[in-house]
Amino acid sequence: MTTMSERPGPVVVVGASLAGLRAVEGVRRAGFKGELVLVGAEEHLPYNRPPLSKDLLTGMVEHNALGLCTEEHLADLGVTLRLGTPAMGLDLDAREVVLNGARLPFGSLLVTTGSRPAALPHGGAPQQGVHLLRTVDDALALRDDLLRARDVVVVGAGFVGAEVASSAAELGARVTVVEAAPAPLARALGPTIGEVCGRLHGLHGVTLRCGAGVAALEGTPAVTSVRLTDGTRLPADVVVVGVGVRPDTDWLEGSGLDLSDGVVCDETLNAGHPGIWAAGDVATWTNPLYGRRMRLQAWTAASEQALAAARNAVADTPKPCSVVPYFWSDQYGKRLAALGVPGEADEPHVVGDLEGLRFVSLHPDGDRIGMVFALDRPDLIMKFRRLVMTRAPFGEAVELAERLVAEPAHEEQGVRS
Ligand SMILES: Cc1cc2nc3c(=O)[nH]c(=O)nc-3n(C[C@H](O)[C@H](O)[C@H](O)COP(=O)(O)OP(=O)(O)OC[C@H]3O[C@@H](n4cnc5c(N)ncnc54)[C@H](O)[C@@H]3O)c2cc1C
């Protein structure tokens, strides 16, 4: 096995966000003393994305409160920062990252370039008032428009779309959410729980239209309406497209890395070539906990993977990286949180008040617990961590849920944005 000591040279991390920051921290924590470079396309120091669809839009926090670290912190770690510098390519033979007009040699490379939002399939010219949301600059531009908006259409009722709808409603806009699937969040939570979560929209005056496709965004230069495939025309002065994300791997095209769904990695987050690692939203890896490939697009996974990949990049013996998938979302004042991965088509078992939108649902994977979802019970979700991690018998999870739900509510212990 090739080790760090046989492969001297700088450690280069490409992608200066959550995973990139944790990667440089992890490399130093693992004892690497050599040159460490962090390359980022954005001009900003690493910052936290979850508030972009929540508190930043509603004005509860300002953009300068989102920073994940200071410049001094990175200087203390001895990190050479190259912000505003998108990597353009990777030369695996020369072991260099290609920048605009320069090349950056590396001994080890950590790819942490995350994901970017997908556009609507019919594309077309960008129109004023039409927004994608990934960066703080996107969020600030959207906030400006939302403050003036009367009619907002959110395309896609996934977690980010639902959060934007919630924030826009809080700002006083008339909001419609258009979702192609018969129920929102069905892929993540199953149709039953997805439908129940979708009721949050209606309860807060937001119209949810499921099973609806977008035919066109109309108006020029500024959007004025969204035409649906059934001919309905929804007035809109702001449209937010939240139809999913794709891994940000354009810069790696033709490099020789397997990019079939993000950067494809083994259990140790190695990308199939000595000294090349990936972590965060951009990485598909074999999660040893499940023995199969997955790409998680969530905050805690990005941190955990980055620390593991960083350690492996500089250690003599790489270790497998197991992650218990965890995701949270804040909508209409309620916390939604999910831990684990559901089985194929099994109906969940609900403990608590389904109609009152305050419950825990247990999603089986065969006779084991696959995923636990909690709506408005952020104090409970992490109590299932051991059971989900050990894929305990389903009955054990049901027993725990019944016991916990019967107890008086605890202080919140979930991860907050
Ligand atoms: C609006 C929003 C709300 C969210 N809310 C939640 C939530 O409530 N809960 C949750 O668990 N997760 C949430 N997430 C997801 C979470 O923020 C991500 O999982 C996390 O940011 C992933 O971190 P990352 O470092 O892998 O990727 P990213 O944060 O996407 O960062 C990748 C970085 O790489 C840079 N980059 C890309 N290409 C290049 C290149 N060629 N050269 C140099 N740099 C490059 C990008 O500019 C970016 O700064 C949310 C995400 C968004 C966008």
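Where only protein heavy atoms count, and the probe is 1.4 Å, what is the accessible area per residue for region 333-406 in Å²?
Spelled out: the 1.4 Å probe surface of region 333-406, per residue, equals 42 Å².
I'd like the antiparallel share, as a percent to the nearest 5, of DSSP beta bridges with both residues in the chain.
Once the DSSP bridges in the chain are tallied, antiparallel ones form about 55 percent.
Taking every DSSP beta bridge that has both residues in region 119-243, what percent is antiparallel when rounded to the nearest 5? Don't jump to the answer; show the numbers that get you there.
Working: 7 of 23 bridges.
In region 119-243, DSSP labels about 30 percent of beta bridges as antiparallel.
What is the diffusion coefficient of region 119-243 in µm²/s, taking the Kirkwood radius over Cα pairs and the Stokes-Einstein relation at 4 °C with a viscosity of 1.567 mPa s?
91 µm²/s
Along the three principal axes, how long is region 333-406 when you take its alpha carbons, biggest first, rounded to the nearest angstrom?
32, 23, 18
Once the piece of chain linking Lys319 and Arg385 is laid out straight, how much longer is it, given 0.36 nm per residue of separation minus the C-alpha distance between them?
21.6 nm
Could you compute the net charge surrounding Gly340? Neighbours are other residues with a C-beta less than 12 Å from the C-beta of Gly340; K and R count +1, D and E count -1.
With Lys, Arg at +1 and Asp, Glu at -1, the net is +3.
Taking the Cβ-Cβ separation of Thr70 and Leu171 as r and a Förster radius of 35 Å, what is the calculated FRET efficiency to the nearest 0.05?
Details: r = 31 Å, r/R0 = 0.88.
Step by step, r from the Cβ atoms, then E = 0.70.
Just to confirm, what accessible area per residue do you get for region 1-87 at 1.4 Å probe, in whole Å²?
Roughly 45 Å² per residue, with all protein chains present.
How large is the convex hull of the C-alpha atoms of region 1-86 per residue, in Å³?
108 Å³
With charges only on Cβ, +1 for K and R and -1 for D and E, what is the dipole size of the chain about its Cα centre, in debye, rounded to 20?
Charge dipole of the chain: 80 debye, to the nearest 20.
I want the antiparallel fraction of DSSP beta bridges within region 14-103, as a percent rounded to 5. Could you put the intermediate results ahead of the total?
Working: 6 of 11 bridges.
Given both bridge residues lie in region 14-103, the antiparallel proportion sits at roughly 55 percent.
Would you kindly derive the ³J(HN,Hα) couplings of region 97-105 from the backbone phi angles with the Karplus curve 6.51 cos²θ - 1.76 cosθ + 1.60 (θ = phi - 60°), listing them in order in whole Hz, with x for Gly and Pro?
With the stated coefficients, region 97-105 comes to 8, 8, 9, 5, x, 8, 10, 10, x Hz.
Considering the zone a paramagnetic label at Glu347 would reach in this model (a point 7 Å from Cα along the Cα-to-Cβ line), which residues of region 177-206 have amide N under 11 Å from it?
From region 177-206, the list is 192.
Summarise the accessible area of region 119-243 (1.4 Å probe, protein heavy atoms) by the percent that is carbon and sulfur.
Carbon with sulfur: 54 percent of the solvent-accessible area.
Could you compute how fast the chain diffuses translationally, taking Rh as the Kirkwood radius over C-alpha pairs and applying Stokes-Einstein at 37 °C with viscosity 0.692 mPa s? Give it in µm² per second.
Taking Rh from Cα pairs, D becomes 146 µm²/s.
Between Thr80 and Thr224, what is the spin-label point distance in nm, taking each point 7 Å from the Cα along the Cα→C-beta axis?
With each label placed 7 Å out from Cα toward Cβ, I get 5.5 nm.
Work out, step by step, the length gained on full extension between Ala180 and Ala30: first 0.36 nm times the residue separation, then minus their alpha carbon distance; give nm to one decimal. Don't jump to the answer; show the numbers that get you there.
Numbers: separation 150, 0.36 × 150 = 54.00 nm, distance 4.61 nm.
My answer for the length gained is 49.4 nm.
Quick one: Cα convex hull volume of region 59-119, Å³ per residue?
For region 59-119, the hull spanned by Cα atoms encloses 152 Å³ per residue.
Amide H neighbours of Thr284 under 5 Å, at least 5 residues apart or on other chains, H built in the peptide plane: list them.
Here the answer is Val263, Val264, Cys265, since their amide H atoms fall under 5 Å of that of Thr284.
Provide the per residue accessible area, probe 1.4 Å, for region 187-253, rounded to a whole number of square angstrom.
Normalised by residue count, the accessible surface of region 187-253 is 46 Å².
Extension gain Arg292-Arg187, at 0.36 nm per residue separation less the Cα-Cα distance, in nm?
Roughly 36.0 nm would be gained on extension.
Rounded to a whole number, what % of the accessible area of region 1-92 do carbon and sulfur atoms account for, probe 1.4 Å? Let's see the in-between values first.
On the way: 2100 of 4090 Å².
So the carbon and sulfur contribution to the accessible surface is 51 percent.
In region 333-406, carbon and sulfur make up what percent of the accessible area (probe 1.4 Å)?
48 percent
Under a straight-distance cross-link criterion of Cα-Cα below 27 Å, which lysines are reachable from Lys334, leaving out those fewer than 8 residues away in the same chain?
Straight-distance partners of Lys334: Lys54, Lys383.
Just for the Cα atoms in region 265-417, what are the lengths along the principal axes, largest first, rounded to whole Å?
Principal extents (largest minus smallest coordinate, Cα): 52, 33, 23 Å.
The values are calculated or read from the model by the stated rules, or taken from the named source; none is laboratory data. All of these numbers come straight from a predicted model, not from anything done at the bench. Here Cβ is always computed from backbone atoms with ideal geometry, including for glycine, and neighbour counts include all displayed protein chains. We work out accessible area using only protein heavy atoms, side chains counted, and drop any ligands, DNA or RNA first. Shrake-Rupley method; radii C 1.70, N 1.55, O 1.52, S 1.80 Å.
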